[in-house]
1. Quick one: Karplus J couplings for segment 576-591, per residue in order, coefficients 6.51, -1.76, 1.60, θ = phi - 60°, nearest Hz, x for Gly and Pro?
2. So if we plug the beta-carbon distance of Asn412 and Lys287 into 1/(1 + (r/R0)^6) with R0 = 51 Å, what FRET efficiency do we get, rounded to 0.05?
3. I'd like the Karplus ³J(HN,Hα) series for segment 506-519: coefficients 6.51, -1.76, 1.60, θ = phi - 60°, whole numbers in Hz, and an x wherever there's a Gly or Pro.
4. 7 Å from Cα along Cα→Cβ at both Leu506 and Thr403: what's the point-to-point distance in nm?
5. What per residue convex hull volume, in Å³, comes out for segment 549-721 when only alpha-carbon positions are used?
6. So what is Rg over Rh here for segment 459-532, counting just Cα atoms and using Kirkwood for Rh?
7. Full extension from Lys436 to Asn631: what is 0.36 nm times the residue separation minus their Cα-Cα distance, to one decimal in nm?
8. With 10 angstrom as the radius, rank Met571, Met517, Met399 by how many other C-beta atoms surround their C-beta, starting from the fewest.
Amino acid sequence: IKYLLNVRVNELQALEAEHKDDGVQILSNIEHSSILAPVSIYEQHLKQRLLEYARTSELEFDIREPLGFSVLIQNQEYLLTDIANRYSCYIETKIETQKIPIAIPKANVEELAPSAETNDNIQLSDLLSPGALVPESITTATRSSLKEANGTIDIRFGDLTTETVDVIVLCRSSTKLCDAVVNVAGNQVLNEYQAIAAASSKQIAISAGSLKCKMILFQSWQPCNNDALLRKSISDFVSDAIQYVSNKNYSSISFPALGCGNFGCSANVVADTMINETKSQLRNLKKNITISFVLLAQQKHVYEEFCNQLNPKTVDNNKSDFISRAARAITGYFSTNTEENAVSSNESANVEYFDREIVQITLTTSAENDDTLSKCRQSIEEQSKSCTLKKEWKDKQDMRHWTQKTINKYYNYCLERKILPQLDIIKGHLQLNGLKESVLEAEKYFYQLSTDTYRQERVQTISQGIIWSYEVSNDIWKKYSFRINAEIEDAYQRRVPSIDIIDEELNRCQVCVDKRMHQEFGKQVRQIRRKEVNQILPDHWSPKHADTKCIPLPNTSNEYKDVVDKFNATMTGQYGKIIKIERIENERWYIQYAAHRDESKRKYKNADCEKTLFHGLPDDKTTFIINECFNRSFAGVNGVVYGVGVYFATNALYSNNYAVPNKLSGERCMFVAKVLIGKAILGNSSMKTPPVGHDSTTDNKNEIFVTYHDAQAYAEYLITYK
């Protein structure tokens with residue numbers, strides 16, 4: 001009914017109008033699953049067409065990753081509705097919340113010396129993911145078990161090559177996994193494996209060679225897009241392997257998580273199907289068989305799904321045990337501790353809960369339009385990925401100085417904003433996963449907390465508000481860590497010409513803070529600079545200055561290329577060449593604009609109230625705008641069709657019409673501006689201010705926007721071209 005009223009409403013209206021004289025009423029009754037019509041009219045003219053309209057196909061799926069998508073669709077529900085409408089689908093969403101325990105790392109943990117590894121200690125995870133961290137605390141300490149009939153189901157992090165079970169099962173399509181296991185098993189197994197490579201048998205068992213298991217069972221399997229067929233194929237894979245074990249009178253078998261690697265199958269579907277089929281087999285066989293699911297250390301989310309399917313009440317009824325296991329798993333992910341130290345650390349670890357929100361989506365469309373369901377799903381999944389961000393840093397050594405209170409504070413900040421943080425205090429690794437804006441805010445908060453930490457020390461107090469950086473390449477600068485930053489600023493304040501430092505790579509360098517302003521490391525010399533921090537001003541601006549600056553951008557910089565890309569979106573082939581692009585650094589006007597922007601975001605709850613727009617003009621007017629921005633003296637200069645204000649366009653080609661060329665040089669000028677459109681409404685020539693409840697006016701295509709407030713736009717870049 002909802003599909004009919006939302007997607008087929010035009011056909012229903014037409015059908016009702018066609019038989020209006022016969023007393024037919026469809027729209028007013030159909031939401032109650034009925035229509036009003038004479039029986040003869042219904043049978044002869046309505047029934048078949050209504051049944052055709054109502055023949056539908058449905059597709060249900062979950063979006064678990066990336067995180068934070070649920071927050072976005074609650075605030076901007078139209079995003080999914082617009083996609084569904086594009087494919088003539090009706091969409092329904094439901095959000096399910098799972099509370100996941102998150103282990104918070106301890107502060108002030110001393111770095112452990114790495115233990116030497118021998119060739120006998122090669123891990124499968126190393127072969128599959130070079131450089132992957134596989135802490136022993138995970139592979140030996142984290143597991144979940146359940147008694148089922150006479151058997152046992154066991155879920156744990158581990159390594160199939162070290163399993164002591166009777167049989168390990170491998171999917172022949174997972175060539176990377178098979179090759180890794182066979183390489184560890186030795187030459188004899190390698191020869192057998194190569195011999196069966198071309199065989200078409202569904203199930204082949206070979207000896208285990210140097211592995212600790214007795215047999216390796218290779219089975220055929222391929223993923224598919226159809227959910228029902230996928231589940232059946234997984235069930236068959238599990239049942240065939242367990243039947244083999246039963247027929248051979250073996251008592252233990254280990255599976256990997258089928259399809260959760262490069263095949264990209266849903267962990268929820270795989271876990272649900274494999275666990276339920278295993279339970280069914282154990283109930284039917286009534287044999288004492290131990291069936292294990294062995295997951296790699298980096299498959300934390302897969303482990304969670306298997307645990308949830310094994311015993312959905314685990315979190316509620318066995319909370320302390322689940323928290324302990326989850327804490328070991330999550331803390332161990334970035335840890336290099338030995339098992340003994342990991343256990344003692346986890347015993348005193350704090351635990352917070354993360355509300356993982358799963359977006360459950362149901363798409364409905366016409367049965368004749370069935371093939372569009374997968375396309376609509378793909379578009380929705382692409383939309384979810386474009387709105388979220390997973391960002392990782394590997395050089396945040398300042399976390400070593402954080403107190404436990406600071407660490408807890410940062411975790412609480414992130415979790416409240418639906419961001420999943422992962423911190424390795426020892427290595428200085430930080431990973432944030434959530435909505436783009438939230439992740440960027442959490443990054444800023446990280447720096448704020450780090451600054452607060454050092455503020456307690458005298459030298460940090462001296463350096464507060466100062467950033468020292470060194471040049472890594474042409475006009476590309478990297479900040480020193482907070483510790484080194486403080487040391488350099490302390491020397492600068494005391495007028496010491498130079499100091500020796502140990503940088504993050506443990507190199508001994510000399511930093512000269514006199515007129516030379518450079519860093520020396522052997523024969524390498526790098527320029528350094530000192531910049532006063534203003535949290536409002538953009539970080540990429542040049543050091544503080546008294547007057548407005550126009551900074552020419554190097555044509556090799558990413559910033560330059562980004563501006564050119566925006567310009568060329570509509571101007572390709574419409575101009576000869578770009579002479580220069582300048583960044584406008586007007587502190588006075590930027591601060592006013594930033595205050596107005598922050599207020600708009602609060603007012604509209606971070607909706608898309610800010611746009612990058614273009615403004616063309618004669619070159620003799622540029623200096624005034626650079627110094628005074630787009631104030632009200634420009635109102636109506638380029639026309640008043642949509643209101644008496646300052647006009648901006650979404651495409652540069654339109655603004656090019658107002659970029660009057662210089663009579664001598666032929667050069668044109670165009671600003672790229674940040675504009676706060678807020679809530680826009682169609683304008684007209686009589687408007688001198690936007691109507692109450694609105695912030696700007698626009699044309700009927702949302703391609704032209706008119707502002708009425710001095711601080712509503714900021715001239716960010718000036719493009720000179722001809």
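1. x, 7, 8, 6, 6, 10, 10, 8, 8, 10, 10, 4, 4, 6, 5, 4
2. Rounded to the nearest 0.05, the efficiency is 0.55.
3. 6, 8, 8, 10, 10, 10, 9, 10, 8, 5, 5, 6, 8, 10
4. With each label point 7 Å from Cα toward Cβ, the separation is 3.1 nm.
5. Hull volume over Cα atoms, normalised by residue count, gives 115 Å³.
6. With Rg and the Kirkwood Rh in hand, the quotient comes to 0.92.
7. 67.0 nm
8. Met517, Met571, Met399
Read-outs throughout are calculated quantities, based only on the coordinates presented, and are distinct from any laboratory measurement. The structure presented is a predicted model; accordingly, all values stated were derived computationally and were not measured. A quick note on method: Cβ atoms are made from the backbone with ideal geometry, for glycine too, and the neighbour counts reach across all protein chains shown.
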